[in-house]
Amino acid sequence: MTNHNEQIAYPRVDLLIAGQWRQASDGASAPVINPATEEEIGRVPIATLSDLEQAVLSTEKAFQVWRQTAPHERYQIMKGAARLLAARAREIGLIMTLEQGKPVAQAQAEVANGADLIEWFAEEGRRISNRLIPARIANVEQRVIRDPIGPVAAFTPWNFPVNQAVRKISAAVAAGCTIILKGPEDTPASCAALVAAFTDAGLPEGVINLVYGNPSQISDYLIKHPVVRKVSFTGSTAVGKQLASLAGSQMKPVTMELGGHGPVLILSDADVERAATILCGAKYRNAGQICTAPTRFIVHDKIRAPFLEAFVEGAKAIRVGNGLDPETQMGPVAHERRLAAMEMLVADAVAQGAKVAAGGKRIGNRGFFFEPTVLTDVPLGARAMNEEPFGPVALINSCDDEDAMVAEANRLPYGLASYVYTRSPRKAADLGRRLEAGMISINHHGLGLPEVPFGGIRDSGHGNEGGAEALDAYLVSKYITHYDTH
Ligand code: NAD
């Protein structure tokens, strides 16, 4: 787990408040831990209430300017930010691997994809248009104009420190809003580097403020603050429900990107090799810490044996190690909490009768490494079958009835991503309708591009963070009717 070809120093992490990169006003900070070595690699500042208030004042002031800025100018600044981010992808990716653990190639691809997202939102911002509704009488003009909703409070997690933040920042900024982002305390430097690409590209002071600190204190302060007009959160369903309730009590709209428990239906006519290869890659990418990860595999009895054999072989072949090593295919989980959760979920499932077909244990005793794990015959009562594992654990059960497969897929209240493997176009279309999920990917892994919707239903949240839908959440419609007395 050594042999790291590329090295980089972990940078100092600052808050960005009212255009100033600086430490917390009382100097408080918390450690940042490298999950591959468990060493402290840096510090993250903990914003005080007075820092938050300054951020709010700055976002309010900047909104009056940014909302009036021509969409074309916003577009040009965003295009500049995309160029800078792409040019810095190598370096930011290395920083992300140090703090988050994922293989450096995946980290660098995440940054490059971030640039792609900024560019797409920049373009989309130029297409926001108003409309005229024909009036019933002469001399009346009926207009619908779309205005930016106002300053946004956004909260993003540590699994994709750039990707989760860039969607919220880009949609807000393209729509003419300002944004206070609470970035991930576990992985703050790569998120800060994303924000720096915007400020270095000429984004005016206060359009983005970046804070870190005590998550519940920050969300409570910002969501209740009258200046903040919209809330956007990515994280667990439990926290999402708390924040949505708080926002609801303030009558503030929310975008909620929450947990999932990705069901995967592999029908008897599926291309088994293709399914196993694609799903194994998707399951263990980012050590399984992806809200859209395939999790509950429901395989038709007829192909259970060949699918399991191919999937287990794939899982066992994954090279786990420090993400800085170019040979590494899966890094550690991002922090000790996930390691403890994996150990607990596997022990609970096994105690209830599940079989371990691959992995199942921590690797070594330094760094938060966990084996790519496959559990089979997992009882429905096992915790892993009901809670989002959010780690490298695949749960593979089988069934001989397609209706029962659909019922199992829809059993949990989550509804983020679902997967289907079948050669039948008729069954594909039918399952696309019957599965309760915001995103359904059939015979491939086709989620997450800038131009397609990204979002869940039911307990997985609401709103969209991709596609043409994504900007709607940052705009309000105003109807103006005018009788011309001239
Ligand atoms: P957690 O629930 O404590 O935190 C999840 C995220 O929410 C973190 O970024 C955290 O800073 C933030 N958060 C927590 N409480 C908050 C509050 N009161 N106000 C604002 N933000 C708050 O759990 P964790 O240990 O960091 O992660 C575990 C679980 O979180 C996972 O099991 C997974 O379900 C979920 N998660 C989901 C995503 C996603 O992409 N949807 C990403 C990361 C974590």
Note to self: Please list His225, His482 from largest to smallest accessible area, probe radius 1.4 Å, with all protein chains kept in place.
What the structure shows: His482, His225
Note to self: With every protein chain kept in place and ligands, DNA and RNA left out, what is the accessible area per residue of the chain? Probe 1.4 Å, answer in Å².
What the structure shows: 40 Å²
Checklist line | Cα gyration tensor shape of segment 150-205, rounded if a/c is under 1.5, else prolate or oblate by comparing a/b with b/c | finding: oblate
Item checked: Residue-wise HN-Hα coupling along segment 323-336, computed from phi with Karplus coefficients 6.51, -1.76, 1.60 (Hz; x: Gly, Pro) -> x, 6, 6, x, 7, 5, 9, 9, x, x, 6, 6, 7, 4
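Using the Kirkwood radius over Cα pairs, work out the Stokes-Einstein diffusion coefficient for segment 89-159 at 20 °C and 1.002 mPa s, in µm²/s as a whole number.
The estimated diffusion coefficient comes to 133 µm²/s.
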Item checked: Over the chain: Rg over Rh, Cα atoms, Kirkwood Rh -> 1.00
Checklist line | Lys79-Ile133 pseudo-label distance in nm [points 7 Å out on the Cα-to-Cβ vector] | finding: 3.5 nm
Notebook entry, point to check: Ser50 accessible area, nearest 10 Å², 1.4 Å probe?
Noted result: 60 Å²
Next item on the list: Please grab the % of Cα pairs in segment 223-262 that end up more than 11 Å from each other.
Entry: 59 percent
Check: What is the Cα centroid distance between segment 417-458 and segment 157-198, reported in whole angstrom?
Finding: 27 Å
Next item on the list: Evaluate the relative contact order of segment 378-472 (contact order divided by residue number), counting alpha-carbon pairs under 8 angstrom at least 6 apart; express in whole percent.
Entry: 21 percent
Item checked: Positive minus negative residues near Pro413 (Lys, Arg vs Asp, Glu; Cβ under 14 Å) -> -1
Notebook entry, point to check: Going by alpha carbons, how many degrees (0 to 90, nearest 10) lie between the helix axis of 304-317 and the longest principal axis of the chain?
Noted result: 70 degrees
Check: For segment 194-289, which GluC sites (Glu not before Pro) are both in a DSSP coil and crowded by at most 16 other Cβ atoms within 10 Å?
Finding: Glu205
Next item on the list: Only bridges with both residues in the chain count here: give the DSSP antiparallel percent, nearest 5.
Entry: 40 percent
Next item on the list: Using a 1.4 Å probe and ignoring any ligands, DNA or RNA, find the accessible area of Tyr479 and quote it in Å² to the nearest 10.
Entry: 130 Å²
Checklist line | Computed over segment 262-449, the ratio Rg/Rh where both radii use C-alpha atoms and Rh is Kirkwood | finding: 0.95
Note to self: As an exercise, use a Förster radius of 45 Å and the Cβ-Cβ distance of Thr481 and Ser236 to find the FRET efficiency, rounded to the nearest 0.05.
What the structure shows: 0.50
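Expressed as a rounded percentage, what relative contact order does the chain have, with Cα pairs under 8 Å and six or more residues apart?
Computed over the chain, the figure is 18 percent.
For every other residue with a beta carbon closer than 14 angstrom to the beta carbon of Leu267, add +1 if it is Lys or Arg and -1 if Asp or Glu, then tell me the sum. Don't skip to the answer; put the middle values down first.
On the way: positive: Arg274, Lys302, Arg304, Arg423, Arg426, Lys427, Arg434; negative: Asp269, Asp271, Asp301, Asp400, Asp401, Glu402, Asp403, Glu408, Asp430.
Once positives and negatives cancel, what remains is -2.
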Check: Got a number for carbon plus sulfur as a percent of the chain's accessible area, 1.4 Å probe?
Finding: 51 percent
Check: What is the magnitude of the charge dipole of the chain about its Cα centre, with +1 placed on the Cβ of each Lys and Arg, -1 on the Cβ of each Asp and Glu, and no other charges, expressed in debye to the nearest 20?
Finding: 860 debye
Check: Per 5 Å bin, what percent of the C-alpha pairs of segment 8-66 does each bin hold, from zero upward?
Finding: 4, 18, 22, 18, 14, 11, 8, 4, 2, 0
Next item on the list: For each pair in Lys241/Lys302; Lys241/Lys316; Lys182/Lys283; Lys168/Lys355; Lys182/Lys478, compute the distance between the two Cα atoms and list the pairs where it is over 31 Å.
Entry: Lys241/Lys302; Lys241/Lys316; Lys168/Lys355
Note to self: Taking the full set of protein chains and a 1.4 angstrom probe, give the accessible area of Met344 in square angstrom, rounded to the nearest 10.
What the structure shows: 70 Å²
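The values are calculated or read from the model by the stated rules, or taken from the named source; none is laboratory data. Because the structure is predicted, anything quoted here is derived from the model rather than measured. In this analysis, Cβ positions are derived from the backbone assuming ideal geometry, glycine residues included, and neighbour counts consider all displayed protein chains. Surface areas here come from the heavy atoms of the whole protein model, side chains and all, with no ligands, DNA or RNA. Shrake-Rupley method; radii C 1.70, N 1.55, O 1.52, S 1.80 Å.
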